[in-house]
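Here the structure is laid out as structure tokens; the discussion comes afterwards.
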Amino acid sequence: MAVPYCLSHEWNEMHPFDRSAFYLLLSLLRFGVNTARFSSSSLKFSVAEYQVSQAEDMSNRYYRPEKPVSGKMRKLKELMLKSDNRICADCSAPDPKRVSANIGVFICLKCSDVHRSLDADISKVLPLTSDEWTESDIDSIIEVGGNSYANSIYEAFLPKSYPKPKPDSNNEERSQFIRSKYELQEFLKPSLRIVSSKMSFRTFESKNNLDHSYMSNNSKKAADMRKFIGELKVKVVRGSNLAIRDMLTSDPYVILSLGQQRAQTTVKKSNLNPVWNEELKFSVPQCYGALKLQVYDHDMFSADDIMGEAEIDLQPMITAAMAFGDAELLENMQIGRWFKTSDNALIKDSTVNIVDGKIKQEVFLKLQNVECGEIQLVLEWVPLDE
């Protein structure tokens with residue numbers, strides 16, 4: 001709609017909302033509407049309503065509510081301002097822009113690139129200012145306390161001769177140090193070498209070899225040992241009062257599985273109280289689960305029938321073994337215990353003992369999901385360096 005020339009100056013000076021009212025009035029006049037029906041007050045009301053609706057629309061378009069700052073976030077920001085957290089935990093570069101949430105260290109951009117190349121369960125890298133922070137991430141880094149506390153653990157056994165990277169170090173030097181520090185955990189106290197959030201442990205060279213651990217031969221050895229943390233020997237001793245699956249008896253055998261590994265005893269013909277005394281072996285990975293046991297009745301012409309099952313929690317034994325170190329240097333004693341509870345298959349508490357320089361655990365299990373049956377096992381833990 002054209003604006004009269006005489007009003008052009010005033011038009012340019014008009015507020016946009018007044019222009020809208022002007023157009024509305026002209027439209028009404030153009031189409032012959034009785035303007036008497038529209039009093040000045042009602043017109044002002046209509047224009048006012050239009051102005052409010054436009055203002056609300058613009059306000060909603062650009063308004064973004066602020067997130068409330070929690071007490072934990074305030075603690076995190078206070079932690080960021082500490083002097084030791086104002087430099088990179090790995091190369092001492094100033095003003096770090098990233099953090100490894102699960103390790104609890106503040107790191108620079110160059111070191112964060114190496115951290116990102118590690119498995120996420122080793123180092124979870126986040127920007128200092130990020131919406132990706134979770135409550136558990138904040139809890140983790142607050143609990144550690146920052147660079148100085150983390151380095152007192154991860155660099156506790158750092159040899160003086162080991163070349164720690166500097167802010168201008170190349171990526172190869174940076175990568176070698178970070179992987180040795182966090183992935184291989186070469187500089188930790190041996191009993192604290194943690195490999196997962198479930199507090200499982202790993203073993204590497206003894207303290208006497210740490211000064212040379214960065215050399216190629218020992219680094220290769222440590223890399224080869226990354227996949228497994230030790231060997232588990234399981235002696236299947238005997239079964240008692242096993243369930244009947246044939247006419248009057250059963251032909252039982254035992255299957256043990258740890259992850260994808262699986263081992264089996266021989267079949268005992270027509271025997272509800274079999275004695276096996278057979279040893280089965282497993283390599284224990286970094287992130288291990290329960291050792292699963294199943295007893296079956298062997299059939300010639302049909303599928304084997306299940307005669308019960310149970311699970312063995314390995315954590316009490318492995319944690320105790322790693323905490324006490326070389327069993328050959330210790331006298332016979334109890335070092336751990338797996339407690340009988342309502343949600344496990346134990347008949348009684350199972351103790352972890354050092355016996356003649358070996359770490360052993362005798363386990364008595366009541367078979368689950370079956371009418372009767374018990375199994376006796378003896379576990380033995382063998383560290384990787386043996």
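So the values come out like this:
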| quantity | calculated |
| --- | --- |
| Links that overshoot a 29 Å alpha carbon limit, given the list LYS77/LYS166; LYS340/LYS360; LYS124/LYS292; LYS181/LYS348; LYS233/LYS366 | LYS124/LYS292; LYS181/LYS348 |
| Summed residue charge, Cβ within 15 Å of ASN332's Cβ, Lys/Arg positive, Asp/Glu negative | -4 |
| Solvent-accessible heavy-atom area per residue, rounded to whole Å², over the stretch 74-142 at 1.4 Å | 49 Å² |
| Filtered chymotrypsin sites (Phe, Trp or Tyr not before Pro), the stretch 293-328: DSSP coil and at most 11 other beta carbons within 10 Å | PHE301 |
| Mean-position separation - Cα centroids, the stretch 70-121 and the stretch 290-306, in angstrom | 52 Å |
| Amide H within-cut-off set for GLY230, under 5 Å, with H built and near neighbours excluded | VAL284 |
| Table column - 3J(HN,Hα) (Hz), the stretch 163-172, Karplus curve with 6.51, -1.76, 1.60, x for Gly and Pro | x, 7, x, 10, x, 9, 5, 6, 5, 5 |
| Pairwise label distance in nanometres, SER130 with PHE228, each label 7 Å out on the Cα-Cβ vector | 3.5 nm |
| Derived scalar couplings ³J(HN,Hα) [the stretch 315-325; Karplus, 6.51 cos²θ - 1.76 cosθ + 1.60; whole Hz; x for Gly, Pro] | 4, x, 6, 5, 4, 5, 4, 5, 5, 8, x |
| For the stretch 233-242, Karplus couplings with θ = phi - 60° (6.51, -1.76, 1.60), whole Hz, Gly/Pro x | 9, 10, 9, 7, 7, 7, x, 9, 6, 6 |
| Computed accessible area, ASP121, all protein chains, 1.4 angstrom probe, square angstrom | 100 Å² |
| Most to least packed among 164-170, 178-184 [average Cβ atoms within 10 Å] | 178-184, 164-170 |
| Gap separating the Cα centres of the stretch 157-181 and the stretch 308-386, nearest whole Å | 39 Å |
| Largest-first ordering by accessible area, 1.4 Å probe, given options GLU135, GLU143, GLU374 | GLU143, GLU135, GLU374 |
| Distance in nm between pseudo-label sites at SER117 and GLN261 (7 Å out along the Cβ direction from Cα) | 3.0 nm |
| The stretch 330-386, accessible surface, carbon-and-sulfur percent (1.4 angstrom probe) | 45 percent |
| Exposure ranking of MET307, MET300, MET247 by accessible area [1.4 Å probe, largest first] | MET247, MET300, MET307 |
| Amide proton proximity set for VAL105, modelled H, under 5 Å, gap of 5+ | SER100 |
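The values are calculated or read from the model by the stated rules, or taken from the named source; none is laboratory data. The structure displayed is predicted, hence computed values, not measured ones. Note that each Cβ is placed from the backbone with ideal geometry, even for glycine, and that neighbours are counted across all protein chains shown. The area values use the complete protein model at the heavy-atom level, side chains included, leaving out ligands, DNA and RNA. Shrake-Rupley method; radii C 1.70, N 1.55, O 1.52, S 1.80 Å.
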